[in-house]
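Computed from the coordinates by the stated procedures, all read-outs in this text should not be read as laboratory data. Given the structure is predicted, the values throughout are model-derived calculations rather than measurements. As a convention, Cβ positions derive from the backbone with ideal geometry for all residues, glycine included, and neighbour counts pool all protein chains shown.
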Amino acid sequence: MTRRLILAVCTALAATAARAETPVLDNPATPSDGRVAISLDEEWRLGGEEDAEHFFGIVGEVFADDAGNVYLVDNQLSEVQVFAPDGEWLRTLGRRGDGPGEVRNLRTALLMPDGTLGLVQAFPGQVVTVQQDGVPGLTLVPGRTDPTDGGFMALNTAAARGGTLVFSGTRMQRREQTALRTSYVATFDADGALRAEVVTKDLETEMGARRVSEADEDFATERWAIGPDGQVYVAEPRNGYRIDVYAPDGRLVRSFGREFEPVRRTAAEKEQARDGLQPWRRRGRESLEFDILETEPDIVRLHVMQNGEVWVLSSRGERERGPGEMAVYDVFDSQGRFVRQAGLVCPGDPRSDAIFPVAPGRWVLVRGHAEALRSLFGMMGGGGESTDVLLEIVSYREMD
């Protein structure tokens, strides 16, 4: 038995024991303080049909630094554009290539603990760092410091906060007749050494298998966040509306959730889910069989604010919106109590656009986000050809 397999078995047993001892705060379906509407006031906008000066490929992630500068992660152009709080362009960091400070297949980016910008390359999984003036820094391969591991094959999402560095990704191990794929959310030290695997999921498939199961493919790749204290919040179950909170060393600290009725999919939504499964499998895709689930995931994404509140966008929050609301968030206090629902009032639809909290009271909307991502995977029009999408970026501030 390999060292990693022994570690995985021990981790699974420890997690089972910890869950049995950790109380879960179950909240009712209705928040204690009701529902509020938060009006957002536009600060600036960039891109779109009316702006010939600014062009964006596919902006998959948005975040800000302590000075309020906004970072737009462009997956298509493999670069990060940085804008001042007032929308003035400051600089572009990174570019496509194999040289210093360059990446291919930019998946996301993050501000590293030392202040450099980490460009996260999807495959082969590595983090290329650049200083704020564009000078290339070190290249980090999470997990390579483990001599029995050899590094992760792919990286998906990443973030750093409160001294904690977290990546989600996948490892692939080929066997004689099967392939073992391990998905993970894990914490790491600043040098890339594995600290703790927070959650993992193994999927073993036969070589040449023609059946794809959505339930098997599902993982919390996008359903996690870091709190200001470095704790990791993960919505692991697809349905069940539960959020588990882990210490940086992987210990389960607490869990909370609420009563929730899953959203049943329409025929069109099932077809879209089918298109989203393994879009990279172009050759022979027409001969694949897909097992698609009847419901949407309960939790779409979550954010942990600076005051410790957890804002959760659910599949119902995407759909059950009041007049003028772009999205409705379930808001939990720092103890996990369901205190209110907050509707963000601004133009947009969370099933086609994406909105990111970048600072207290500030949000940035990426209009056309979902369509652009589908274009990235060549899924537009059902023919595998990409379509150009004019993205528009809008910065908002919450009105008093």
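Taking the Cα centre of region 17-398 as the origin and placing charges on Cβ (Lys, Arg +1; Asp, Glu -1), which of 263, 52, 324 is farthest toward the positive end of the dipole?
263
Points 7 angstrom from Cα along the Cβ direction at residue 337 and residue 351: gap in nanometres?
Here the answer is 3.5 nm between the modelled labels.
With P(r) over Cα pairs in 10 Å bins from 0, in percent as the read-out, I listed (1) 5, 22, 31, 23, 13, 4, 1, 0, 0; (2) 4, 21, 33, 29, 11, 1, 0; (3) 5, 19, 27, 25, 16, 6, 1; which label goes with the value calculated from this structure?
Matching the structure shown: (2).
Residue farthest toward the positive end of the dipole of the chain, with Cβ of Lys/Arg at +1 and Asp/Glu at -1: which of 156, 225, 179?
179
Is there a quick way to get the dipole size of the chain? I mean about its Cα centre, with the Cβ of Lys and Arg at +1 and of Asp and Glu at -1; what is the value in debye to the nearest 20?
For the chain, the charge dipole is close to 1340 debye.
Find, among the GluC sites (Glu not before Pro) in region 20-94, those assigned to loop by DSSP (not H, G, I, E, B) with at most 11 other beta-carbon atoms within 10 angstrom.
Hits after loop and neighbour filter: 49, 50, 53, 88.
Just need the relative contact order of region 17-398 here, percent rounded to a whole number, with Cα pairs under 8 Å and 6+ apart.
17
I need the helices of the chain that pass two filters: whole DSSP H segments spanning 15 Å or more by Cα along the axis, and mean Kyte-Doolittle score no lower than 0.0.
3-21
Once every DSSP H run of n ≥ 4 in the chain is given -39500 (n - 2.57) and the sum is divided by its residues, what mean residue ellipticity at 222 nm do you get, rounded to the nearest 500 deg cm²/dmol?
Rounded to the nearest 500, it is -3500 deg cm²/dmol.
Taking 22 Å as R0, compute the FRET efficiency from the Cβ-Cβ separation of residue 132 and residue 51 and round it to 0.05.
After rounding, the FRET efficiency stands at 0.30.
Among 34-40, 184-190, how do they line up from the highest to the lowest mean number of other beta-carbon atoms within 10 Å?
184-190, 34-40
Loop-only check: which trypsin sites (Lys or Arg not before Pro) in region 191-240 are DSSP coil with at most 14 other Cβ within 10 angstrom?
Taking region 191-240 and a limit of 14 other Cβ atoms within 10 Å, the loop trypsin sites (Lys or Arg not before Pro) found are 210.
Which Cα, out of 361, 338, 305, lies furthest along the positive dipole direction of region 17-398 (beta carbon charges, K/R +1, D/E -1)?
Towards the positive end, the residue furthest out is 338.
Within a Cβ distance under 9 Å of residue 362, other residues only, what is the Lys/Arg minus Asp/Glu net charge?
-1
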